[in-house]
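Nothing in this text is a laboratory measurement; each read-out follows from the coordinates by a stated rule. Owing to the predicted nature of the structure, the values given are computational and were not obtained by experimental measurement. Glycine gets a Cβ as well: all are built from the backbone with ideal geometry, and neighbour counts include every protein chain shown.
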Amino acid sequence: MELKQIKYFLAIAEHGSLAAAAEAVGIAQPSISVQLKNLEGRLGTQLFIRSPRGVTLTDAGSVLVERAHEILDAVDRAKCDVRQAGETPSGKVVFGFPSSVSMVLSVPLAETIRLNLPEVRLRAVDAMSGFIKEWLEEESVDLAILYETTGLKNAEITTLLEEDLHFYAPPDLWPFKTPPGEPIRLEELSGLELVLPSKSHGLRMLIDRVCRAAGQHLNVVVEMDSLSQIKSLVTRGSAFTILAPAAAGDFEERGELASSVIIDPKFSRPIHLVRNPKHVRTRAALEVERTTVAVVQELVTRGIWRGRLA
């Protein structure tokens with residue numbers, strides 16, 4: 001197949017007639033008819049059903065419409081990559097973060113980009129994972145971090161690390177005989193009053209799923225989707241919580257919260273770097289992607305981000 005044949009084919013599919021398509025692309029109708037006949041001959045199948053009122057796609061033609069758009073998108077991306085190969089990375093890169101990841105990653109990533117990629121302008125956007133997934137599909141973000149990628153129609157995924165969830169409490173109200181830092185079994189949490197995100201939140205869905213599988217029940221007395229409010233409530237001694245260390249590292253460093261990893265079973269979740277392959281990947285976005293991987297590896301290696309590298 002030639003690119004011009006693909007473009008002519010899409011024009012015919014869009015306009016529903018050879019005459020209208022020929023006018024739209026600026027060639028004679030006999031010429032576009034010949035190109036279509038050659039394309040059908042090369043593919044060995046009929047792409048349109050002809051009638052006096054125009055043409056309609058066959059099943060094979062409908063499949064080719066989808067694939068043809070993918071081919072043209074890939075060609076556009078290749079052209080963009082080639083043009084930018086010898087250029088200094090520049091321009092805006094929009095990056096979507098869940099709040100818990102943003103707390104540990106966004107600042108060191110922004111600092112590294114300012115130092116190493118001075119012409120790149122990073123825009124870091126915090127949101128719940130559901131919104132970030134929508135932005136990826138809509139191509140309104142260049143890159144995103146997600147815990148769960150199920151349901152994404154278009155996604156190129158790089159798994160960065162896996163992290164375990166921890167139990168959190170104020171140090172002076174630690175409810176266990178074992179000190180903070182010692183692993184805690186899930187069954188030991190059953191009698192404690194907890195504040196957790198609502199049931200539609202990804203973190204809560206993970207917690208509920210693990211608890212069901214283990215036959216355990218947690219006493220959730222308050223539901224809050226605001227990470228900062230959850231931590232504030234716990235520091236005031238009103239409830240305990242379960243969070244990823246990345247989300248509460250600031251409070252631990254200040255001595256306002258203490259934690260222990262939960263075991264038997266563990267609450268573990270992967271963290272993915274995601275992009276929509278249909279979205280044109282600029283040189284700036286590519287360099288930010290590479291920088292993100294490097295920064296995450298450094299944070300984990302230095303123990304700032306508690307997790308296991310993929």
Sort 101-111, 45-55 by packing, meaning the average of other beta carbons within 10 Å per residue, with the highest value first. 101-111, 45-55
Cβ crowding within 10 Å averaged over residues, with 123-129, 276-282, 242-248 ranked highest first: 242-248, 276-282, 123-129
Convex hull around the C-alpha positions of segment 3-84: the volume in Å³ per residue is 93
Computed about the Cα centre, the charge dipole of the chain from +1 Lys/Arg and -1 Asp/Glu charges at the Cβ has a magnitude in debye, to the nearest 20, of 760
Alpha-carbon spread of segment 1-40, three principal axes, descending order, Å: 22, 18, 15
Tilt, helix 99-116 to longest principal axis of the chain (alpha-carbon atoms), in degrees rounded to tens, equals 60
Residue-wise, which Karplus ³J(HN,Hα) couplings in Hz belong to segment 39-48, taking 6.51 cos²θ - 1.76 cosθ + 1.60, θ = phi - 60°, and x for glycine or proline? 5, 5, x, 5, 7, x, 7, 7, 9, 9
Provide the per-residue ³J(HN,Hα) series for segment 204-213, in order, calculated from phi with Karplus coefficients 6.51, -1.76, 1.60 and θ = phi - 60°, each as a whole number of Hz, with x at glycine and proline positions. 5, 4, 5, 4, 5, 5, 5, 5, 4, 5
Convert each backbone phi in segment 143-155 into a coupling constant with the Karplus relation 6.51 cos²θ - 1.76 cosθ + 1.60 (shift: θ = phi - 60°), then list the ³J(HN,Hα) values in order as whole Hz, x for Gly and Pro. 9, 7, 10, 9, 8, 10, 10, 4, x, 6, 7, 10, 8
Placing +1 on the Cβ of each Lys and Arg and -1 on the Cβ of each Asp and Glu in the chain, which of 13, 179, 32 has its Cα farthest towards the positive end of the resulting dipole? 32
May I ask for log10 I(q)/I(0) of the chain at q = 0.06, 0.08, 0.13 Å⁻¹, from a Debye sum over the Cα atoms as equal point scatterers with solvent left out? -0.33, -0.52, -0.93
About its Cα centre, what dipole magnitude does segment 241-310 give when the only charges are +1 on Lys and Arg Cβ and -1 on Asp and Glu Cβ, stated in debye to the nearest 20? 500
So what is Rg over Rh here for segment 151-310, counting just Cα atoms and using Kirkwood for Rh? 1.01
Long-range amide H contacts for residue 169: which residues qualify at under 5 Å (H placed 1.01 Å from N, peptide plane, sequence gap of 5 or more or a different chain)? 258
For segment 109-177, rounded, prolate or oblate, judged on the Cα gyration tensor with a ≥ b ≥ c (square roots of eigenvalues), a/c < 1.5 rounded, else prolate if a/b > b/c? oblate
